[in-house]
Amino acid sequence: MNKVITDGITLMPPAFADGLDVWSSEDGTPGSVTYDNDSNATLISADADFGTCFEVLKTFDTQKVRSMGETPLLPGCYLRVTAKVKAISGAFPSVRIAGWAGGAGGLHIDGVTEFSDSILLDTYGEVVEVTAIVGGGNRFGVDMVWGRLAIFGHFGVDFTGGNGGVVRVEDIIIEDVTSVFLRNMMDVVDVQDYGAIGDGVTDNVAAFEAADAAAAGRDVLVPEGVYHLATTVTMNNRLRFEGTIDMPDAAIFQLTKDFAFQAYEEAFGNETVALKKGLQALFNFTDHETFDLGGRTINLDAPLDVYSAVGNHETFATRRVIKNGELRAQNTSGWDTEEVTQTASYDFDTDSRKLTNVTNIGTIQVGSLVEGTGVGREVYVRDIDVAGNSISLSSPLYAAAASQNYVFKRFKYLLDFSGFAQVSRLVLTKLDFNGTGRASCVMLPKSGITNAISDCFFTAPADRGITSIGGGCQGLNVDRNQFLSSEQALEVSQRVSIGFNVNSNDAKIRNNRAIRFKHFCVLSGAGYIISGNHWFQADAQETPTRTAGIVLTDNYAKTTITGNYVDNSFIEWSNEHNPTPSGPGFSFSGMTIGNNFFTVKNVDPWFRYIKIKPVDAGHFINGLNISGNVFKVLGSEIDRVDEVDTTFSVLDETKTQEFTMVNNSFTNVENPVANPVKAMVSVTNVSTEWIGDFADKLPFGLRAMNVTSVCAKGPIITAGGAVHFSVPYTLTEQGANLDQIKLNWATPVRGDVICTVQADQISVI
């Protein structure tokens with residue numbers, strides 16, 4: 001680069017022969033004294049070495065010879081000032097290149113070096129050449145570093161030392177030598193040319209911003225060194241890093257070009273810092289909504305607290321996407337679960353989601369799993385009020401004592417959003433969260449709407465794949481993910497890991513695959529669409545033990561479970577997170593289980609595919625449709641596919657309503673069930689009372705509440721052999737278990753009838 005050639009800029013000062021009125025014995029600034037008519041200065045017209053030249057008698061301690069012209073000093077340009085001098089007579093002085101640094105408005109730039117090293121003239125008539133390079137950047141070979149604020153200079157020479165000597169000076173040459181310092185390809189702007197210093201201490205914010213402003217589409221080069229940036233910096237051009245950046249945690253490095261992990265890793269030279277700074281910029285800078293990890297594997301020694309990395313937001317509701325890479329936990333103690341046991345009080349009627357009077361509350365962390373008597377599955381600490389000595393919970397407790405001990409377990413997560421009060425529209429996609437058996441994967445924020453996790457792998461989580469500690473799962477989309485347990489070699493009974501949990505309504509759980517967790521998911525809420533998933537929970541030993549694949553913990557489900565592959569596991573529906581377990585309300589309602597493929601291998605006869613588990617009395621089925629499913633057992637046979645788990649309570653069978661279980665197929669199931677169910681009642685000896693036993697035909701051990709049809713199959717025969725044409729009346733809820741019906745005939749008869757029996761009530765119009 002040469003600005004004289006490319007931009008036509010004039011650098012050379014006028015020749016001495018053009019007049020001494022433009023040459024100053026002071027700094028060369030406007031109004032300074034010139035050598036015109038100075039009795040101690042003259043022009044020599046025919047010097048043997050110089051031709052026309054300037055001669056001066058040294059009378060000042062520092063005899064200055066400065067051009068009064070303003071030689072421009074452009075950012076990124078470097079000027080070489082050259083002078084040839086010789087001593088003629090008298091005392092020998094020293095000579096140096098000198099200048100006056102000028103800034104905007106003609107003001108002097110203080111604190112910069114304005115002269116080169118001095119050379120002693122020690123022989124009369126010997127031509128001595130003195131040179132110096134001046135420019136903005138602190139580069140090797142630059143004698144006078146003037147920084148980014150200098151825009152012009154008054155250049156010349158100084159004679160120092162003893163007075164009384166006569167010296168001559170040839171015309172001073174100023175030329176652009178920028179090409180000496182720049183790369184062969186001139187598509188970069190170097191931050192050092194704007195005053196950046198890579199010493200790890202100097203604040204380079206202004207230099208970076210100036211270089212970025214000058215780049216105008218070219219790359220900004222950060223050469224070797226460590227460049228401290230004390231405050232937030234936004235760079236609008238691409239950067240090339242040979243050195244690295246150092247910033248305070250609160251300062252943001254915002255890149256408008258190449259906004260991706262690779263750029264941040266090059267900038268900071270550390271994977272973890274790069275990820276934190278990239279996420280910080282993602283949640284602070286609106287020009288980019290996606291942070292691409294570029295397919296990189298990022299090794300983490302400890303949890304990444306996204307809230308602390310961002311540093312300045314409690315809430316965030318603009319779409320943000322993190323994609324395309326692997327986060328891998330290293331084998332360090334940073335992932336160790338922290339566990340404490342403390343005493344607390346609980347009053348369901350006062351506040352069903354709060355623990356009070358908590359001992360040593362400062363030892364408990366937000367996001368801790370809560371365990372204890374009467375605590376349902378996947379209950380977490382959502383907030384902690386230290387001053388009020390209370391803890392907010394993600395879900396109510398179903399049977400906790402007024403005061404008791406609780407265990408608080410804080411798992412550690414690769415990405416932890418729990419510090420945020422709210423994050424909405426967050427998308428995690430095409431990521432591999434590799435816990436390596438040491439770390440859990442993702443903890444969601446305390447609240448948020450329509451967050452989405454898609455096309456990800458949750459590989460070997462130590463405890464949890466995805467954890468919701470509050471309402472950050474409202475409207476959550478969990479689509480096309482792979483959940484691969486770290487406990488695949490363990491028997492089912494020994495596993496503790498769970499794929500994910502949800503606490504709020506309207507989650508969409510679609511087309512996922514989960515292998516050998518304790519549970520695929522635990523869902524506390526309503527309005528779920530669960531479709532196209534495949535979860536598998538057998539073990540390599542093929543023991544008969546199985547666990548629930550899906551656990552629903554609120555009785556008012558408003559949920560459809562459709563088109564899934566329920567593999568070596570079962571569906572469990574409880575009300576352990578129901579805020580009013582003693583008042584059924586809608587009770588167990590709003591559930592559709594349809595068109596799923598249930599399969600299991602080598603289990604005991606008492607295995608069941610669908611379990612309802614009430615935790616308090618008074619609950620009943622009030623809206624359940626189980627239709628179009630395939631129930632298949634391999635290598636063994638089971639008694640039936642359905643069960644009411646009576647560990648805590650039973651269902652109120654008298655209130656069963658809106659229950660349909662039809663069009664299912666059964667393989668190696670001894671007692672297929674349905675509601676309504678059609679069954680043959682056959683009597684070979686004439687009788688006026690026929691008993692139909694539906695104990696093994698109605699689901700969930702329910703009562704035979706209604707008979708909706710009785711159809712004779714062939715003639716009904718009297719004792720005399722005549723055909724009987726009248727119909728019987730029916731009595732329901734017969735027998736010790738109320739699962740029989742009675743057909744009452746006008747006369748003793750025998751024969752076969754097909755009866756349709758329902759276990760639910762029939763509405764009266």
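Just a few scattered comments:
- When each of Gly525, Gly499, Gly532 is tested for being surrounded by fewer than 19 Cβ atoms within 10 Å (Cβ to Cβ) and assigned by TED's automatic domain parsing to the domain that holds Thr592, the lone residue that passes is Gly532.
- Residue match in segment 294-304 (condition: within 30 Å of His577 (Cβ to Cβ), in contact (Cβ under 8 Å) with a residue 12 or more places away in the chain and buried (at least 16 other Cβ atoms within 10 Å of the Cβ)): yes
- In segment 172-182, the qualifying residues are those that are modelled with pLDDT of 95 or more and surrounded by 19 or more Cβ atoms within 10 Å (Cβ to Cβ), and the one that is nearest to Arg80 (Cα to Cα) is Ile174.
- For segment 449-496, taking the residues that are among the hydroxyl-bearing types (Ser, Thr, Tyr) and under 18 Å from the mean Cα position of the chain (by Cα), the one that is surrounded by the fewest Cβ atoms within 10 Å (Cβ to Cβ) is identified as Thr450.
- Among residues of segment 691-704, those that are within 15 Å of Gln734 (Cβ to Cβ), crowded, with 23+ Cβ neighbours inside 10 Å, out of contact with any helix residue (DSSP H, G or I) (no Cβ under 7 Å at 6 or more places or on another chain) and not aromatic (Phe, Trp, Tyr), counted: 3
- Applying a threshold of 6 Å to beta carbon distances and a minimum spacing of six or more residues, or different chains, the list of pairs starting in segment 317-339 at a residue that is over 22 Å from Ser454 (Cβ atoms) and ending at one that is of a type in the set (Gly, Ala, Ser) and surrounded by fewer than 17 Cβ atoms within 10 Å (Cβ to Cβ) reads Gly334/Ala302.
- Failed criterion for Asn663 (all others in (1) of a type in the set (S, T, N, Q); (2) exposed (fewer than 14 other Cβ atoms within 10 Å of the Cβ); (3) more than 55 Å from the chain's Cα centre (by Cα) hold): (3)
- Residue match in segment 366-373 (condition: within 24 Å of Asn578 (Cβ to Cβ), at pLDDT 95 or above, over 28 Å from the mean Cα position of the chain (by Cα) and not assigned by TED's automatic domain parsing to the domain that holds Phe648): yes
- Where a residue in segment 458-469 is at negative phi and free of Cβ contacts under 8 Å to residues at least 24 places away in the same chain and its partner, wherever it lies, is of a type in the set (A, V, I, L, M, F, W, C) and in a loop (DSSP other than H, G, I, E, B), with Cβ under 9 Å and at least six apart: none
- Asn737 vs. criteria in a strand (DSSP E or B), at negative phi, outside the structural domain of Asp642 (by TED's automatic domain parsing) and of a type outside the set (Val, Ile, Thr): no
- Extreme residue, farthest from the chain's Cα centre (by Cα), among residues of segment 693-734 that are aliphatic (A, V, I, L, M) and part of a strand (DSSP E or B): Val723
- Among (1) more than 15 Å from Lys412 (Cα to Cα); (2) not assigned by TED's automatic domain parsing to the domain that holds Lys518 - the single one Ala489 does not satisfy: (2)
- Scanning segment 399-425 for residues that are touching a Pro at 6+ places or on another chain (Cβ under 7 Å) and closer than 18 Å to Val502 by Cβ turns up Tyr413, Asp416, Phe417, Ser418, Phe420, Gln422, Val423.
- Flag not set for Gly437, criterion: assigned to a loop (DSSP other than H, G, I, E, B), more than 26 Å from the chain's Cα centre (by Cα) and not assigned by TED's automatic domain parsing to the domain that holds Asp616.
- Segment 197-229, subset part of a strand (DSSP E or B) and of a type in the set (Val, Ile, Thr), residue surrounded by the most Cβ atoms within 10 Å (Cβ to Cβ): Val222
- Of all residue pairs spaced 6 or more apart or on separate chains, those with beta-carbon atoms under 7 Å, a first member in segment 742-765 that is at positive phi and a second member that is part of a strand (DSSP E or B) are Gly751/Val683; Gly751/Ala712; Gly751/Ile716; Gly751/Ile717.
- Residues being more than 15 Å from Thr553 (Cβ to Cβ) and either touching a helix residue (DSSP H, G or I) at 6+ places or on another chain (Cβ under 8 Å) or in a loop (DSSP other than H, G, I, E, B) (or both) - total across segment 503-517: 5
- Yes/no for Gly388 being assigned to a loop (DSSP other than H, G, I, E, B) and either among the acidic types (Asp, Glu) or under 26 Å from Ala526 (Cα atoms) (or both): no
- Restricting the first member to segment 57-69 and to residues that are over 8 Å from Asp158 (Cα atoms) and in contact (Cβ under 8 Å) with a residue 24 or more places away in the chain, and the second to residues that are among the polar types (S, T, N, Q) and surrounded by fewer than 21 Cβ atoms within 10 Å (Cβ to Cβ), the beta-carbon pairs closer than 6 Å and six or more apart or on different chains are Leu57/Asn40; Lys58/Asn163; Thr59/Asn40; Thr59/Asn163.
The values are calculated or read from the model by the stated rules, or taken from the named source; none is laboratory data. Note that this is a predicted model, so its numbers are computed, not measured. Here Cβ is always computed from backbone atoms with ideal geometry, including for glycine, and neighbour counts include all displayed protein chains.
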